[in-house]
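Everything below concerns the one structure shown next.
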Amino acid sequence: MSAAASDYRLDGIYKQRQDDFFMQRVKLPAGVISAGQARVIASVSTRFGQGSIHLTSRGSIEIHWLKEDDLPQIKRELAKAGLTSRGACGGAVRGITCGSQSAQGFPALESLARRLHRHFTGNPRFERLPKKFKIGIEADVVGGKHLIQDVGLVLAAFEDGQAFYDVWIAGGLGREPRPGFLLIERVAEKRIIPVIEAVVAVYATHAPPPKRLKFLAAEFGETKLRLLIEAETAFSEDISAASGLPENIVTEANGRQRLELPVFAGKLTAAQLELIAETAERVADGVIMITVNQDIALLLSAGVDATVELLLLQQTTGVALAEPAPVLRVCPGSHECRMGLAATRDLAGEILDHFSQKGRALSWAVSGCNNSCTQPQLADVGIVATRLSAESDGQKTTRFDVYRRNGAGLGEKVNEGLTRQELVDVVHEIG
């Protein structure tokens, strides 16, 4: 790897497990992408990679199997389509995620996501932070995703044409999961950017690398952290949105049907993404949504039948699971990721065979390491590969922890250090 490769992370690039190959992550505000942009990603994957695409649990897209010499041209190709990867990895404000794409009022959430994306992406004041800084926007607290963000925004009310949000901060998963806490209630949208700037300023000033904001919540306590944030000049400012048209490209449903195409482990080929883009252009206003469960969603045009279109997509792409498709979030694991301790897609396929009707009604997440990228603590059942254990025959085997979530908080660990067979047995009992 060249000397410059150490700086690639701010451009959304990680080195893969395989020598001389890289992954490029593309930020998508609220997980929304046009069909034309999807075609560009598919083209880049075909031209410069191996046609391998991964949908993430934050609604972004990863292109795998890229060569270092091609990275500058890939960046140019994405930029020509209005796509950016700046800050998608490394110590910066990551992509703005939203798990509420099907909620009434989602266009307003998407507009805010795009505004935050424009403000923080590539802004040197918010780069080279101690570690990643994650922002999420939700319509409610049901899924708990506001609890795992550095800043989680939850829609509180619409009044006189203005949106208000509850602001939660200092959540995160990884080796030491910690739920976020409520910093301030009912913040007018014009104050959201200043409040986040204040949070980032305190984080950048007080957190040592490579700690997340949750470290300060544990180190200082919620009261001191709140006082530090409120003391920042930006905290009390207003930045009203400039006049103009809304920024969302997803419109209100108004009775139109929503199609969801299940994608096993979030893995697509470039050819499959091309076919999805064709469908989006034909029946969904040319808009595609990447869900936080690593699936594809289309808001169909008036009069289009979701059942018919889903069947067509299943037949042409071949990506759909047997019905009913369970929620099953899966990271790339040791297939491509340098941190992966388990071949996650293989494991997910194995446990899927043990799902009963009850199991298919649950949400599942498989994470190939302690980073917990698939948010296992927010699934009904979360599986985390935690370590490699040396056996008596000299071989190393992966050990797994299992989390169960009941209620509004984070899931709790119920099994620890399981072998693969022990894990399968537990899954069989659950599902």
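If I stretch the segment between Glu412 and Asp160 completely, what's the gain in nm (0.36 nm per residue apart, minus their alpha carbon distance), one decimal? Mind showing how you got there, number by number?
Working: separation 252, 0.36 × 252 = 90.72 nm, distance 4.11 nm.
Between Glu412 and Asp160, full extension yields 86.6 nm more.
If contacts are Cα pairs under 8 angstrom and at least 6 residues apart, what is the relative contact order of region 182-338 in percent?
Details: 162 pairs, mean separation 35.7, N = 157.
In percent, rounded to a whole number, it is 23.
Determine the dipole magnitude for region 1-92: charges of +1 sit on the beta-carbon of Lys and Arg, -1 on that of Asp and Glu, nothing else is charged, the reference point is the Cα centre, and the result goes in debye to the nearest 20. All intermediate terms of the calculation are to be shown ahead of the outcome.
Numbers: 13 positive and 9 negative charges, 69 e Å.
Magnitude of the dipole: close to 340 debye.
Farthest toward the dipole's positive end in the chain, which of Ile192, Leu227, Leu298, given Cβ charges of +1 (Lys, Arg) and -1 (Asp, Glu) about the Cα centre?
Towards the positive end, the residue furthest out is Leu227.
Between region 362-431 and region 221-272, how far is it from one alpha carbon centroid to the other, in angstrom?
Result: 29 Å between the Cα centres.
Name the helices (complete DSSP H segments) of the chain with a Cα length along the long axis of 18 Å or more and a Kyte-Doolittle mean of at least 0.5, or state none.
Working: long enough: 35-48 (20 Å, 0.42); 106-120 (21 Å, -0.35); 192-206 (21 Å, 1.69); 270-283 (20 Å, 0.31).
Span-like helices, by this rule, are 192-206.
About the Cα centre of the chain, what is the dipole size in debye to 20, counting +1 per Lys and Arg Cβ and -1 per Asp and Glu Cβ, all else neutral?
Values: 49 positive and 51 negative charges, 195 e Å.
Around 940 debye, computed over the chain.
Applying the Karplus parametrisation 6.51 cos²θ - 1.76 cosθ + 1.60 with θ = phi - 60° to the phi angles of region 402-412, what ³J(HN,Hα) value in whole Hz is obtained for each residue in order, glycine and proline being reported as x?
Running phi through 6.51 cos²θ - 1.76 cosθ + 1.60 with θ = phi - 60° gives 10, 10, 10, 10, 9, x, 8, x, 7, x, 10 Hz.
Can you find, among Ala79, Ala163, Ala207, the residue farthest towards the positive end of the dipole of the chain? Put +1 on the C-beta of Lys and Arg, -1 on that of Asp and Glu.
After comparing all options, I get Ala207.
Using modelled amide H (1.01 Å from N, peptide plane; none on Pro or chain starts), what sits under 5 Å from the amide H of Ile184, excluding residues fewer than 5 places away?
Val167
Fully extended, how many nm does the chain gain between Gln18 and Arg47 (0.36 nm per residue separation, minus their Cα-Cα distance)? Each step should come with its number before you reach the end.
On the way: separation 29, 0.36 × 29 = 10.44 nm, distance 1.90 nm.
Result for the pair: 8.5 nm of gain on full extension.
Given a cut-off of under 8 Å on Cα pairs at least six residues apart, what relative contact order in percent is computed for region 102-236?
Over region 102-236, the number comes to 19 percent.
Write down Rg/Rh for region 102-236, rounded to two decimals, with Rg from the C-alpha atoms and Rh from the Kirkwood relation over Cα pairs. List each step's numbers first, then the result.
On the way: Rg = 14.2 Å, Rh = 15.0 Å.
So for region 102-236, dividing Rg by the Kirkwood Rh gives 0.94.
Name the residue from Ser363, Val424, Ile41 whose Cα lies farthest towards the positive end of the charge dipole of the chain, charges +1 on Cβ of Lys and Arg and -1 on Cβ of Asp and Glu.
Farthest along the dipole direction, towards plus: Ile41.
Which value at 222 nm does the chain reach when only helices count, each DSSP H run of 4 or more adding -39,500 (n - 2.57), with the total divided by all residues and rounded to the nearest 500 deg cm²/dmol?
Details: 11 runs with 122 residues, N = 431.
Using -39500 (n - 2.57) per qualifying helix, the result is -8500 deg cm²/dmol.
Taking every pair of distinct Cα atoms and averaging 1/r, then inverting, what Kirkwood hydrodynamic radius in Å comes out for region 327-430? List each step's numbers first, then the result.
Values: mean 1/r = 0.0738 Å⁻¹.
For region 327-430, the Kirkwood estimate is 13.5 Å.
Evaluate E = 1/(1 + (r/R0)^6) for Glu185 and Ala253, where r is the Cβ-Cβ distance and R0 equals 30 Å; express this FRET efficiency to the nearest 0.05. Provide the component values of the computation, followed by the final result.
On the way: r = 28 Å, r/R0 = 0.94.
Approximately 0.60, to the nearest 0.05.
Placing unit charges on C-beta atoms (Lys and Arg positive, Asp and Glu negative, everything else neutral), compute the dipole magnitude of region 102-236 about its Cα centre in debye, rounded to 20.
On the way: 19 positive and 16 negative charges, 134 e Å.
Charge dipole, region 102-236, about its Cα centre: 640 debye, nearest 20.
Over 19 Å between C-alpha atoms is what I'm after, so list which of Lys214/Lys267; Lys15/Lys131; Lys145/Lys267 land there.
Over 19 Å Cα-Cα: Lys214/Lys267; Lys145/Lys267.
How high is the relative contact order of the chain, in percent, with contacts defined as C-alpha pairs under 8 Å that are six or more residues apart? Intermediate values should be presented prior to the final figure.
On the way: 976 pairs, mean separation 61.0, N = 431.
RCO, the chain: 14 percent.
Values in this text are rule-based calculations from the coordinates and carry no lab data. Quick caveat, the model's predicted, so the values are computed rather than measured. Every residue, glycine as well, gets a Cβ built from its backbone with ideal geometry; the counts of neighbours run over all protein chains shown.
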